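The values are calculated or read from the model by the stated rules, or taken from the named source; none is laboratory data. As the structure is a computational prediction, the values presented were derived from the model and not from experiment. Because the Cβ atoms are built from the backbone with ideal geometry, glycine has one as well, and the counts that use them run over all protein chains shown.
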Amino acid sequence: MRRTARDSEESARKITRRGLFLGGAMVGYAAVLGMRMRYMQVEKADEFRLLAEENRVNIRLIPPGRGLILDREGRLIAGNEQNYRVVVTREDAGDVDEVMARLSHIIPMTAEDYDRTMKELHRHSAFVPVVVADRLTWNDFSKIAINSPTLPGVSPEVGLSRNYPLVEDFAHVVGYVGPVSEKDLEGLEKPDPLLQIPKFQIGKIGVEKWMEDTLRGTAGNRKIEVNSVGRLMRELERVEGTPGSDIRLTIDAGLQNFVQARLLDQSAACVIMDVNNGDILACVSAPSFNPNLFVRGISSVDYSALMENDHRPLANKTVQGVYPPGSTFKMVTALAALSAGAITVDTRVRCPGYIEYGGRRFHCWKRGGHGSVNLERSLAESCDVYYYDIAQKVGIDKIAEMGVQLGLGQRHDLPMSAIAEGNMPNKQWKMERHKQEWRIGDTINASIGQGYVLASPLQLAVMTSRIASGRAVEPRLILSIAGEEQPVQVAPPLAIDSSILEHVRRGMYEVVNGAHGTAKGSRIAEEAMLMAGKTGTSQVRNISAAERARGVVSNDQLPWNRRDHALFVAFAPYDAPKYAVCVVVEHGGGGSAVAAPIARDALLRALYGEIPPLTAYPSSQRGRMESLFEELKLREFTPGTQSSSRA
């Protein structure tokens, strides 16, 4: 049928509308597409460029070099050494099991090593490199480098590992580093990204721990290009981190080594302080241990040997060990009584060998007694009855106040682990701690450093320094940080009359140099170096009345762990005090026979700055001392030397 003109016009209109609609839709689609392209290519260009970069560029942290620890003369105590290691990154490795299987055929790897590495790889994020093995030999390291094309995600690296060249000498002071543990991360809101790196090491005890933030430094980073299977192609950019700051200690490494050797195989502690500024020149706990074992991963056999040793090599006896100070405490009782006006320097007490109180006898160490005794003689001959008597006159609270003023019963602020407060008891303390009233018998025991009184070797060294200088000197261990000398606070004078202090110092002089002094066998022959000190013997067992009646069993007939502790404190030179020392020998017996000779030798080594000349000793002892010095295994030191790597 033939279409009319009207139908043709209607059809044309429809085609035109459809064309316009379709054309408009196409134009609209093209506009949307153009806007989207502009959005992606212009507005989001940086973001998509970064995403593309991340497909081929990895950013990895570079651990900084740990700060060095040096002695006061600049000799290296803790440094860093090169460490060849291999790491695996899970996201780059692809089939981790296959890669690890290949790697196990190239370097020695136990089943335990394999399982540990697999756990680490799946415990951390896929982009975090995990250390498979460290301290590799150059031969094993080169094998991995040669076979790297077949080991995607595996990277041989040269890192740094902590090293302690002086081994046992500074183990308790400096401590050691070890891998970050979950416990280390507890309580940290924003932990340093370095702590997330598997096997990254931080300080665990000692200066390494307490100065961690100073020693650690800040991380660097490097950008590396990888191919489609994650194999490293090249390093694009490297930004080195900031190394940790070096720390210089107040300790003299030569003196530290001498004291460590002089303590021989005894369970003992020795602290030497500068009485004027508080610098700790030696801080030795014996026996010691090798901190390098902990850095490298100590074996169960080695660790068990340390734990089972009855001399407790892991314990830092200088600050952690607390002992009844015995007769070394008598200066505290004397100063308290003199300062309170309870006695004068001329007050005399008769010593028949004991006193009786409440139906109980409190014995003097000298069974027959000392007769009539004044202050000077009571110190020189260590008469116990004298202090039993004057302590009752002054009372425990005044004695405790004096003890605290001299540095006892308080924690001294040093960057060391497990610093003990000791115990300086009074009436309030006993009521709060034991819910009991203080008794006269408690005062009598405390007067000679027994009963509830406890002190560490560090505290006794501080006490001696304060008596020698007349000032409230505080101990310090850090000499400088990053080359900047740490300020020394001027110690205020003690609230003790100087004449009273002088009388007590004179009594200590007679201990060593008097005809009847308890430590006269340890006197110094050199007039310019004369020493003043006080012996102490603290009991670790009760002596029954029956045993006293038949005769007290001597220390050498008792098992080692039931023998008395031997103590000695001293300062020198007497006329111009420079150094103070405290020596404690656990279960060593008498302080005069065991601790005093060690303290004398340590003081002489500090005063001379080298092995003491034989002329410093009485002529009758020179042959023995010469043989002793030849037997000691001492290190050779060159002042101001450093030997460590930072990169």
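Name the pairs whose Cβ atoms lie under 7 Å apart, with the first residue in segment 154-168 and surrounded by fewer than 19 Cβ atoms within 10 Å (Cβ to Cβ), the second hydroxyl-bearing (S, T, Y) and modelled with pLDDT under 85, and 6 or more positions between them or separate chains?
Qualifying pairs under 7 Å: V158/Y84.
Yes/no matrix, rows are residues, columns are (1) modelled with pLDDT of 95 or more; (2) surrounded by 14 or more Cβ atoms within 10 Å (Cβ to Cβ); (3) farther than 30 Å from N163 by Cβ:
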residue: L567; (1), (2), (3): yes, yes, yes
residue: Y579; (1), (2), (3): yes, yes, yes
residue: V594; (1), (2), (3): yes, yes, yes
residue: T615; (1), (2), (3): yes, no, yes
residue: S619; (1), (2), (3): yes, no, yes
residue: E631; (1), (2), (3): no, no, no
residue: R635; (1), (2), (3): no, yes, no
residue: P639; (1), (2), (3): no, no, no
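In segment 413-426, what residues are touching a Ser or Thr at 6+ places or on another chain (Cβ under 9 Å) and not β-branched (V, I, T)?
Hits for segment 413-426 are M416, A420, E421, G422.
List the residue pairs whose Cβ atoms are under 8 Å apart, where the first residue sits in segment 93-105 and is of a type in the set (G, A, S), the second is in a loop (DSSP other than H, G, I, E, B) and surrounded by 20 or more Cβ atoms within 10 Å (Cβ to Cβ), and the two are 6 or more positions apart or on different chains.
A93/P152; A93/G153; G94/P152; G94/G153
Could we say that S382 is assigned to a loop (DSSP other than H, G, I, E, B), at pLDDT 95 or above and within 20 Å of G514 (Cα to Cα) here?
yes
Say whether the condition of being outside any helix (DSSP H, G or I) and not small (G, A, S) is met by at least one residue in segment 393-402.
If we filter segment 393-402 for residues that are outside any helix (DSSP H, G or I), which is where we start, we get 395.
Now narrow it down to the ones that are not small (G, A, S): none.
No: zero hits.
Return yes or no: is R367 of a type in the set (K, R), over 18 Å from D497 (Cα atoms) and in contact with a Ser or Thr (Cβ under 7 Å, 6 or more places away or on another chain)?
no
Among the helices (runs of 4 or more DSSP H) lying completely within segment 31-127, list those that include at least 3 residues that are at pLDDT below 80 and touching a helix residue (DSSP H, G or I) at 6+ places or on another chain (Cβ under 9 Å).
It comes to 111-123.
Can you go through S480, S465 and tell me which one is in the same structural domain as E421 (by TED's automatic domain parsing), of a type in the set (S, T, Y) and part of a helix (DSSP H, G or I)?
Selected residue: S465, the only one of S480, S465 that is in the same structural domain as E421 (by TED's automatic domain parsing), of a type in the set (S, T, Y) and part of a helix (DSSP H, G or I).
Could you check segment 273-367 for strands (runs of 3 or more DSSP E) lying wholly inside it with 1 or more residues that are of a type in the set (D, E) and surrounded by fewer than 18 Cβ atoms within 10 Å (Cβ to Cβ)?
So the answer is 354-357.
Return yes or no: is D442 more than 33 Å from the chain's Cα centre (by Cα) and either at pLDDT 95 or above or not aliphatic (A, V, I, L, M) (or both)?
Answer is yes for this residue.
Would you point out the residue of segment 206-218, among those that are modelled with pLDDT of 95 or more and touching a helix residue (DSSP H, G or I) at 6+ places or on another chain (Cβ under 8 Å), that is farthest from I69 (Cα to Cα)?
Here the answer is G206.
Given the conditions (1) at pLDDT 95 or above; (2) among the hydroxyl-bearing types (S, T, Y); (3) over 16 Å from the mean Cα position of the chain (by Cα), report the number of the one that S288 does not fulfil.
If we test S288 against (1) at pLDDT 95 or above; (2) among the hydroxyl-bearing types (S, T, Y); (3) over 16 Å from the mean Cα position of the chain (by Cα), just (3) comes out false.
Would you check which residues across segment 486-502 are among the aliphatic types (A, V, I, L, M), assigned to a loop (DSSP other than H, G, I, E, B) and touching a residue at least 60 places away in the same chain (Cβ under 8 Å) and list them?
V488, A491, L494, A495, I496
I need a count of the residues in segment 255-272 that are part of a helix (DSSP H, G or I) and either crowded, with 22+ Cβ neighbours inside 10 Å or touching a helix residue (DSSP H, G or I) at 6+ places or on another chain (Cβ under 6 Å) (or both).
Total meeting the criteria: 7.
Name the residues in segment 415-427 that are within 12 Å of N316 (Cβ to Cβ) and surrounded by 22 or more Cβ atoms within 10 Å (Cβ to Cβ), would you?
M416
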